[in-house]
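Single-structure report; data block below.
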Amino acid sequence: MKDIITLLQHKKQEIITELKQGNTSQQGLISQLDKAISWLNTVEEHQLDTAKHYNIHQLPDTSHGMSFFHLMIDCESSDPNDWVEYTPNNNAIEMCMGDLVIVKK
């Protein structure tokens, strides 16, 4: 993954050099390259594998106003009173409609 990120960064630099020389034909590619590099860096940082190894779920509109979804640890119990909210670094993860959840298959 690092090789393709480096390749895209080099391509971006080539376009910037061309822009400085007055060639604006590929100017629109810079923002697309920035997006691609950003996403690929995230994939690399989190060591995500092939896309087909994940399911992506979009959280639904609950039609209950502005509701949040909570990520719970069930403590091997079906009783919600035993559940504990997952709060990394003592911060709740506030998810709401439209947010995406990526789950490894």
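The values are calculated or read from the model by the stated rules, or taken from the named source; none is laboratory data. If you're wondering where the values come from, they're calculated on a predicted model, not measured in any experiment. Note: ideal-geometry Cβ built from the backbone for every residue, glycine included; neighbour counts use all protein chains shown. Please note that ligands, DNA and RNA were not included when accessible areas were found on the heavy atoms of the full protein model with its side chains. Shrake-Rupley method; radii C 1.70, N 1.55, O 1.52, S 1.80 Å.
Computed quantities for the displayed model
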item	result
Hey, HIS64 under 20 Å from VAL103 (Cβ atoms), outside any helix (DSSP H, G or I) and of a type outside the set (Ser, Thr, Tyr) or not	no
Count - residues of the range 37-66 that are at positive phi and of a type in the set (Ser, Thr, Tyr)	1
Some residue of the range 40-52 being more than 14 Å from the chain's Cα centre (by Cα) and open to solvent by 100 Å² or more (accessible area, probe 1.4 Å)	yes
Candidates THR24, THR42, filtered to the one that is without any contact (Cβ under 8 Å) to a residue 12 or more places away in the chain and either touching a Cys at 6+ places or on another chain (Cβ under 8 Å) or assigned to a helix (DSSP H, G or I) (or both)	THR42
Scan of the range 79-91 for residues that are among the charged types (D, E, K, R) and loosely packed, with under 11 Cβ neighbours inside 10 Å, ordered by number	ASP79, GLU85
Residues that are open to solvent by 70 Å² or more (accessible area, probe 1.4 Å) and either among the small types (Gly, Ala, Ser) or part of a helix (DSSP H, G or I) (or both), drawn from the range 67-78	SER78
Boolean, GLU85 is touching a strand residue (DSSP E or B) at 6+ places or on another chain (Cβ under 7 Å), modelled with pLDDT of 95 or more, over 14 Å from VAL101 (Cβ atoms) and not basic (Lys, Arg)	yes
Residues being at negative phi and over 20 Å from the mean Cα position of the chain (by Cα) - total across the range 80-105	6
Residue satisfying condition, being out of contact with any Leu (no Cβ under 6 Å at 6 or more places or on another chain) and within 28 Å of ALA92 (Cβ to Cβ), within set ILE30, ILE16, ILE73, ILE4	ILE73
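Okay, residues lined up against (1) in a loop (DSSP other than H, G, I, E, B); (2) loosely packed, with under 12 Cβ neighbours inside 10 Å:
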| residue | (1), (2) |
| --- | --- |
| LYS12 | no, no |
| PRO60 | yes, yes |
| ILE93 | yes, no |
| VAL103 | no, yes |
